[in-house]
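**Q** Next up is a structure, given as structure tokens.
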Amino acid sequence: MKKQNKKENDARFEVRLSGSGGQGLIFAGVLLSEAVGVYGGKNVTQTQSYGPEARGGASRSDVVISEGTIYYPKAMELDLLMALTQEACDKYYADLKEDGILIVDSTYVRLVPTDRAYCLEFTRAARRVAGTPVVTNVVALGALSAITGIVDINNLEKVVLGRAPRGTEDKNKAALHEGYRMGQELLKQREAEKAVT
């Protein structure tokens with residue numbers, strides 16, 4: 001694998017949002033890119049895979065974020081992998097750096113390859129707060145914001161509300177903030193566990 005120079009490598013943060021076709025991962029990648037790039041002022045590239053994934057197999061959207069110039073637009077060594085299905089987790093976990101962050105939808109991902117993963121029930125939360133699993137991707141983005149801090153929740157909200165189909169703004173906003181709340185709660189729980197040990 002091509003080794004990047006240290007300065008470029010330190011400034012570069014690679015994200016893969018993965019799941020199955022129909023879960024809105026490509027759209028989630030667009031939302032994240034816009035929030036980080038347009039409102040966050042960072043350089044960003046976004047790529048995705050189509051093809052048979054559109055019919056239900058593992059699909060992905062990759063987002064590369066950097067303070068500096070992005071010389072290669074595609075993800076090579078992931079700093080963050082979000083997996084909404086077991087298939088996606090199994091397929092892409094090997095691309096995650098050793099100290100990378102794994103966030104999974106524990107509604108569907110039961111076999112988690114590391115005990116350091118952040119496991120949250122995104123699909124169940126989407127049904128609970130919005131009455132539909134369609135906004136699972138938005139719940140997941142809210143949690144990503146809370147857990148990683150790579151994107152500001154207010155910038156995400158601007159993008160989500162700006163792109164939500166008319167009449168669904170409230171559901172999308174509720175989904176985003178529920179994901180953020182869930183992420184914060186999990187972080188607090190982890191801190192409390194560390195304090196005890």
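**Q** Need one number: the % of Cα-Cα pairs in the stretch 84-184 sitting beyond the 21 Å mark. Each step should come with its number before you reach the end.
**A** Details: 1687 of 5050 pairs.
That tail contains 33 percent of the Cα-Cα pairs.
**Q** Also, I was wondering about something else. Given the rule -39500 (n - 2.57) for each run of at least 4 DSSP H residues, summed and divided by the residues of the chain, what is its mean residue ellipticity at 222 nm, to the nearest 500 deg cm²/dmol?
**A** Taken over the chain, the calculation gives -13000 deg cm²/dmol.
**Q** Return a single number: how many Lys pairs in the chain, at a sequence separation of 8 or more or on separate chains, have alpha-carbon atoms below 24 angstrom apart.
**A** Lysine pairs meeting the criterion: 24.
**Q** Right, something else. What is the ratio of the Cα radius of gyration of the stretch 94-152 to 2.2 N^0.38 Å, where N is its residue count, to two decimals? Walk me through the numbers before you get to the answer.
**A** Details: Rg = 12.2 Å, N = 59, 2.2 N^0.38 = 10.4 Å.
It is 1.18.
**Q** Now, a different point. Between residue 48 and residue 114, what is the label-point separation in nm under the 7 Å Cα-to-beta-carbon projection?
**A** 2.6
**Q** Can you give the Rg to Rh ratio for the chain, taking only C-alpha atoms and Rh from Kirkwood?
**A** Working: Rg = 15.9 Å, Rh = 16.8 Å.
Over the Cα atoms of the chain, Rg/Rh equals 0.95.
**Q** A further question on this structure: Sticking with the crude label model, points 7 Å out along Cα→Cβ, report the distance from residue 161 to residue 188 in nm, one decimal please.
**A** Placing both labels 7 Å along Cα→Cβ, they lie 2.4 nm apart.
No lab work stands behind these numbers, since they all come straight from the coordinates. All values derive from a computational prediction rather than experimental measurement. A quick note on method: Cβ atoms are made from the backbone with ideal geometry, for glycine too, and the neighbour counts reach across all protein chains shown.
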